[in-house]
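First comes the structure, then the notes that go with it.
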Amino acid sequence: EEVPDTGLPAASKKMSSISSPLRAIIRLRQRYRVQKKSRLHLELPREKSSELVHTRLLQRQLSLNRTSLYGASMSFFNQTGLETSQYFTFDTSVEQYAMKKCRRKKNRRKSRVVLYPDKTKRYLPTEEKSKAKRCLLLLIVIIFFQILNAIENLDDNLQKYDLDGLEKTMHREVFGQKVAVESIMELLKDYLATHMHNKPLVISLNGPTGVGKSHVGWLLAKHFRSVMDNDFVLQYFVMHHCPSGVAPLTCEIDLSKKISDMVTRAEIEEKIPVFILDEVELMSPVLLDTLSRFFQPNQTNEFLNAIYILISNIGGSEITKFVIQNASAELLHQQRGVEELLSIVQPVLINTHPLWKSADIIPFVLLEKTHVINCFLEEMRREGLYPDQKHIENLASQLSYYTTGDKQYSSTGCKQVVAKVNLL
C-alpha cells in the first residue's frame with residue numbers, strides 16, 4: 001500500500017527549497033542516525049509475528065516514497081548503500097541476518113577480551129612462555145655445533161698424521177700379518193682422531209721371533225718422525241739403554257725423565273708423543289712398575305695423551321702352538337680364531353706383570369714359506385741386488401720350518417734373511 005504525500009513530515013517540505021546535493025547529504029545523515037538507533041535497540045525475536053512484518057513493510061514503502069522525492073540520483077545512491085551495507089537492512093529477513101551474524105562471529109579472530117555479565121571488560125590471563133623450552137633449544141643447538149666441530153677435527157687430525165699413508169706402507173712392507181696390521185691401524189685411527197683422551201693408548205705386539213714385530217716398530221717410528229718431529233718419538237731398546245751392568249734404579253730414573261720431558265713438550269705443541277719400547281721381556285720389574293704408573297688413567301691431562309708400543313716375545317710359544325694346531329682349520333684369518341688366540345696369550349702376559357691389563361694385545365702369527373720368500377725379495381731390492389727367483393727359493397729352503405699338512409711355517413721367520421743376503 002502506498003502512503004500519501006500528506007503523511008510526510010513538515011521538515012521534509014521545508015527541505016524542498018534547498019538545493020539537491022545539500023538535501024541528499026542531510027537526508028543521508030538522518031538515515032544514518034535512524035539506522036544506528038534502531039540497531040542499538042534491536043532485539044531479534046525467535047519467531048516472526050505478522051504485525052512486525054506488516055510494520056516493516058510499511059517502513060520499507062515509506063523509505064521508497066521518500067527517495068522518489070529527491071530524484072533519480074538520490075535513489076541510486078541509497079540503493080548502492082543498501083546493497084553494500086554490512087548491517088541490518090529492511091530487505092533482509094531475520095533468519096538471514098542471524099545467519100550472517102553467526103558467520104561473522106566464526107570468521108572473526110578470537111579476541112582476548114571477554115565480556116562478563118556485568119558488562120566489564122576483562123582479559124584472559126597471559127600465557128607464560130616456558131624458559132625451560134628455550135634453554136633446551138639452546139642446548140640442542142650447542143650440542144649440534146659441538147658435534148659438527150668434532151667431526152671436522154677428526155678429519156684434520158687424521159690428515160695431520162697421514163694414517164692412510166702409514167697403512168699403505170705397513171701392508172706393503174709387513175708380510176703375513178694382515179690381521180695384526182689392520183688391528184694396529186684401527187687403534188691408531190680411533191686414538192689420533194682427537195687430542196683429548198681419558199687414558200693413554202698402549203699396544204702390545206707379541207709373538208715368536210722373526211715375525212715382523214720390530215719391523216712394525218721401526219716403520220711406526222719412521223712415519224711419526226716424518227709427520228711430527230724427532231723430538232716426539234722415542235725408540236727405547238732395553239739392551240742398549242739399560243744394559244745388564246746398570247742398576248735398575250738408574251734405568252728407571254732415566255726412562256721416567258725421558259717420558260716426562262717428551263710428554264711436556266708435546267702437550268705445549270698439542271701433539272701426541274709415541275714411545276716404542278722393544279725387548280720388553282728383558283725389562284726388570286722396577287722398569288715395568290714405572291711403565292705401569294704411566295699407563296694409569298688417573299693422571300694429569302698431558303700424560304693421558306701418549307702412545308706406547310710394547311714389543312716382546314712373551315707368549316710366543318703359545319702362539320706357535322696355536323698356529324700349528326689350527327693350520328688346517330683357517331682359524332687364523334677369522335675373528336673367532338683371533339679371539340681364541342687372545343684368550344690364550346692374555347693370561348700369560350698378565351701373569352708376567354699387571355701392566356698388560358691396560359694394553360691392547362695384538363698377536364703376531366708364524367710366517368709361511370711364501371712370506372719368507374717375499375722378505376728375501378724386499379731385502380735384495382733394498383740392497384740393490386738382482387732378485388733371482390731360483391736363487392731366492394734356494395736361500396729360503398735353507399731355513400728351518402714347521403711342516404703341518406701342505407703348509408710350512410718358518411721357525412725363525414725373516415730373522416736370518418738379512419744375514420743371508422749380506423753374504424751374497
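Here are a few things to note about the model shown:
- Karplus (6.51, -1.76, 1.60) ³J(HN,Hα), θ = phi - 60°, over segment 210-227, in Hz, Gly and Pro reported as x: x, 9, x, 5, 5, 5, 4, x, 5, 5, 5, 4, 4, 5, 6, 5, 6, 8
- Dipole of segment 175-365 computed with +1 at Lys/Arg Cβ and -1 at Asp/Glu Cβ about the Cα centre; of Ser292, Pro347, Ile324, farthest Cα towards the positive end is Ile324.
- Prolate/oblate/rounded label for segment 291-424 (Cα gyration tensor, a/c 1.5): oblate
- Dipole magnitude for segment 175-365: about 160 debye, using +1 per Lys or Arg Cβ and -1 per Asp or Glu Cβ, origin at the Cα centre.
- Accessible surface comparison of Lys257, Lys390, Lys199, probe 1.4 Å, protein chains only, largest first: the order is Lys390, Lys257, Lys199.
- Segment 370-422 pair-distance distribution - Cα-Cα, 5 Å bins, rounded %: 4, 21, 33, 23, 11, 5, 2, 0
- Heavy atoms of Glu378 accessible to a 1.4 Å probe, total area in Å² rounded to 10: 50 Å²
- Accessible surface for segment 370-422, divided over its residues, is 58 Å² per residue with a 1.4 Å probe.
- Set Lys258/Lys415; Lys168/Lys369; Lys222/Lys420; Lys160/Lys189 screened for pairs whose C-alpha atoms are more than 19 Å apart: Lys258/Lys415; Lys168/Lys369; Lys222/Lys420
- What you get for segment 255-332, charging only the Cβ of Lys and Arg (+1) and of Asp and Glu (-1), is a dipole of about 120 debye around the Cα centre.
- Computed accessible area, Thr169, all protein chains, 1.4 angstrom probe, square angstrom: 40 Å²
- Coarse-grained scattering of segment 164-252 at q = 0.16, 0.20 Å⁻¹, given as base-10 log I(q)/I(0) from a Debye sum over alpha-carbon atoms: -0.81, -1.13
- If you sort Arg31, Arg225, Arg293 by accessible surface, 1.4 Å probe, largest first, the order is Arg293, Arg225, Arg31.
- Residues whose amide H lies under 5 Å from that of Tyr236, counting only those 5 or more places away or on a different chain, are Ile276, Leu277, Asp278; hydrogens are built 1.01 Å from N in the peptide plane.
- Carbon plus sulfur fraction of accessible area for segment 370-422, probe 1.4 Å, in percent: 47 percent
- For segment 175-365, the Kirkwood hydrodynamic radius comes to 17.2 Å, computed from all pairs of different C-alpha atoms.
- A 1.4 Å probe, protein heavy atoms only, puts the accessible area of His391 near 70 Å².
- Spin-label model, Ser226/Gln30: points 7 Å from Cα along the beta carbon direction are separated by 11.0 nm.
- Heavy-atom SASA rank of His240, His215 (probe 1.4 Å, accessible area, largest first): His240, His215
- Only the Cβ atoms of Lys and Arg (+1) and of Asp and Glu (-1) were treated as charged; on that basis the dipole of segment 370-422 about its Cα centre amounts to roughly 100 debye.
- Overall form of segment 203-264 per C-alpha gyration tensor (a/c, 1.5; a/b vs b/c): oblate
- Separation in nanometres of the label points that stand 7 Å from Cα toward Cβ, at Gln389 and Thr404: 2.9 nm
The values are calculated or read from the model by the stated rules, or taken from the named source; none is laboratory data. Computed from a predicted structure; not experimentally measured. Don't worry about glycine lacking a Cβ; one is built from the backbone with ideal geometry, like all the others, and counts go over all protein chains shown. Side chains included, ligands, DNA and RNA excluded: accessible areas come from the protein's heavy atoms. Shrake-Rupley method; radii C 1.70, N 1.55, O 1.52, S 1.80 Å.
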